[in-house]
Amino acid sequence: MALQEHNYWLTTADFPKIEARPLPDRVDVAIIGAGFTGLSAARTLAQRGAKVAVLESETVGWGASSRNGGMVLTGMKLGVNQLISMYGRDLTRRMYAASLATVDCVEQLVREEAIDCDFSRCGHLEVACKQKHFDDYARQVEVIAREFNHQLRVVQRDELSAEIGSNIYYGGMVDEVSAGLNPARYVAGLGRAATKAGAEIFERTRVEGLQHESREGESGWKITTSRGPLWAREVFAATSGYTSRVTPALQKKLIPIGSFIITTEVLPEKLVQELSPRNRMIYDSKNYLYYYRLTPDRRMLFGGRAAFFPETDQTIRRSAEILRRGMIDVYPQLRDAKIDYVWGGTLDFAFDIMPHAGQLDGMYYAVGYAGHGVAMATYQGQKMAQLIAGDKPDNPFVGIKFPGAPLGLYNGKPWFLPFAGMWYKFLDWVS
Ligand SMILES: Cc1cc2nc3c(=O)[nH]c(=O)nc-3n(C[C@H](O)[C@H](O)[C@H](O)COP(=O)(O)OP(=O)(O)OC[C@H]3O[C@@H](n4cnc5c(N)ncnc54)[C@H](O)[C@@H]3O)c2cc1C
């Protein structure tokens with residue numbers, strides 16, 4: 001088959017058919033964005049009896065939630081030593097425990113809602129691109145065991161063939177608790193689950209304006225959309241890398257970064273066994289990293305920050321070739337494998353590369369997943385829903401400092417991305 005500029009996962013999933021209905025006049029909670037965060041929040045809030053409208057400018061799962069690698073990962077983007085130096089031991093312990101709980105949260109939701117999305121606790125493997133990255137693994141494993149009571153395993157270079165059919169790495173680190181799933185099927189299932197709980201989803205409904213407005217003595221929001229206005233007592237922004245000028249304060253704190261993926265044709269079983277004998281979710285130790293895995297139907301899915309800028313026809317096309325070369329560097333065995341699909345999506349990075357949740361200008365939000373969002377977004381959706389419903393859930397990402405751009409030099413247009421790309425490449429070179 002010729003190369004398709006299309007998200008492979010979408011060819012495997014049935015999305016809920018949602019009829020276009022008139023918007024309600026008022027709701028308890030309006031959620032902007034129908035990805036993992038928004039739908040998970042909608043399900044929990046509706047189960048608690050709230051009247052919920054999910055407003056999505058495109059369709060369910062259109063954003064990063066259907067486009068990602070499907071890696072359900074423990075930990076956070078930043079390493080544990082850095083987390084401890086930023087937040088101290090106690091808060092980092094709570095954050096790490098939360099990161100483990102995020103994977104349980106996805107598993108429980110998949111089970112409760114019987115979502116057919118190939119969820120499997122196959123574990124993840126991080127591979128070291130340099131000897132000093134590998135040397136750091138032993139230190140990390142020791143800190144994680146001592147501080148967080150969680151066991152990872154170091155894999156020496158000469159044992160790595162049991163984990164991966166590539167000899168370019170200096171060793172690896174395995175966490176058996178991480179999982180994999182098919183993200184498009186998962187987000188489609190979450191959409192169904194939110195609807196079943198009683199939430200209403202409005203597709204092709206772009207939020208265009210938000211204004212504080214009281215009604216009958218109750219404070220709330222007048223929301224203008226491409227399909228008319230509505231009023232909500234609370235607003236929850238779940239817009240991740242697609243956050244726009246509609247929520248300017250949030251937009252200024254987030255950097256949208258493109259990430260791209262290719263998948264090969266279906267591979268022979270013997271080759272599959274050689275490439276990834278334990279079917280792990282794999283990523284490397286660079287800042288400008290590659291992440292890869294087998295799909296349930298045995299394609300190699302290979303992703304990375306090939307172009308850095310968010311997805312356009314041009315960046316997607318360019319990424320296909322860059323990623324193919326990257327894949328062959330890792331796996332020369334795939335030199336002749338055909339690439340069937342290429343696509344891209346947008347991630348959201350906060351300036352401190354941490355997830356953040358809470359309230360800004362009176363509006364709730366959960367963002368900043370930095371490529372670690374499948375599990376964390378689902379979890380934050382639930383936790384923020386509990387908070388909006390009046391509970392006091394433990395959520396260590398609420399209330400931590402949420403920095404903006406240094407010197408405030410950012411209005412939401414990431415003019416510095418080419419420099420950031422070069423900076424990350426430079427860091428990979430020197431570190
Ligand atoms: C290529 C790629 C690979 C990735 N791989 C992984 C991985 O393997 N593991 C992992 O953990 N994470 C991964 N991620 C990150 C993960 O996919 C995201 O963190 C997660 O999906 C974020 O979910 P979300 O619901 O917050 O946002 P999204 O799924 O991006 O949803 C936001 C939605 O908001 C909507 N929206 C925005 N503005 C408006 C508006 N004004 N009105 C109405 N709707 C609006 C958008 O249309 C969009 O659908 C990857 C991301 C990408 C792009």
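Amide H contacts of residue 4 (H built 1.01 Å from N, in plane; Pro and chain starts excluded): 341, 342 sit under 5 Å, all sequence-distant by 5 or more or on other chains. Other residues within the sphere of radius under 14 Å centred on the Cβ of residue 135, judged by their own Cβ, net out at +1 (K and R +1, D and E -1). What the phi angles of region 47-63 give under the Karplus curve with 6.51, -1.76 and 1.60, with θ = phi - 60°, is a coupling list of 4, 7, x, 6, 8, 10, 10, 9, 9, 10, 5, 10, 9, 3, x, 4, x Hz, glycine and proline written as x.
For residue 215, the residues 5 or more places off, or on other chains, whose built amide H falls under 5 Å of its own are 220. Highest GNM mean-square fluctuation among 345, 189, 412, for the chain modelled with Cα contacts below 10 Å: 412. In terms of its alpha-carbon gyration tensor, region 1-139 comes out oblate; a/c meets the 1.5 threshold, while b/c is at least as large as a/b. Projected label points at residue 317 and residue 6, each 7 Å from Cα along the beta carbon direction, are separated by 1.8 nanometres. Mean residue ellipticity, 222 nm, helices only, the chain: the sum of -39500 (n - 2.57) across DSSP H runs of n ≥ 4, divided by residue count and rounded to 500, is -10500 deg cm²/dmol. Each of 287, 268, 243 was placed along the dipole of region 243-292 (beta-carbon charges, centred on the mean Cα), and the one lying farthest toward the positive end is 243. With labels modelled as points extended 7 Å from the Cα through the Cβ direction, what inter-label distance (nm, one decimal) is found for residue 353 paired with residue 94? Those two pseudo-labels are separated by 2.4 nm. Note that region 118-130 has calculated 3J(HN,Hα) couplings of 6, 5, 8, 7, 8, x, 10, 10, 9, 10, 8, 8, 9 Hz, one per residue in order, obtained from phi through the Karplus relation 6.51 cos²θ - 1.76 cosθ + 1.60 (θ = phi - 60°); glycine and proline are x.
Name the residues of region 1-29 whose amide N is less than 16 Å from a point 7 angstrom out from the Cα of residue 265 along the C-beta direction? Zone members listed by number: 1-4. In a reduced charge model with +1 at each Lys and Arg Cβ and -1 at each Asp and Glu Cβ, the chain shows a dipole moment near 540 debye about its Cα centre.
For the chain, modelled as a GNM whose springs connect Cα atoms under 10 angstrom apart, the maximal fluctuation among 162, 238, 128 occurs at 162. Couplings 3J(HN,Hα) for region 369-385, derived from phi with the Karplus relation 6.51 cos²θ - 1.76 cosθ + 1.60 (θ = phi - 60°), are 6, 6, x, 10, x, 4, 6, 5, 5, 4, 5, 5, x, 5, 5, 5, 5 Hz, where x marks Gly and Pro. Under 5 Å from the amide H of residue 206 lie the amide H atoms of 226, 227, each residue being 5 or more positions distant or on a separate chain, with H modelled from the backbone and absent for Pro and chain starts.
Read-outs throughout are calculated quantities, based only on the coordinates presented, and are distinct from any laboratory measurement. Everything numeric in this text was worked out from a predicted model, so none of it was measured. Cβ coordinates were reconstructed from backbone atoms using ideal geometry, including for glycine residues, and neighbour counts include every protein chain displayed.
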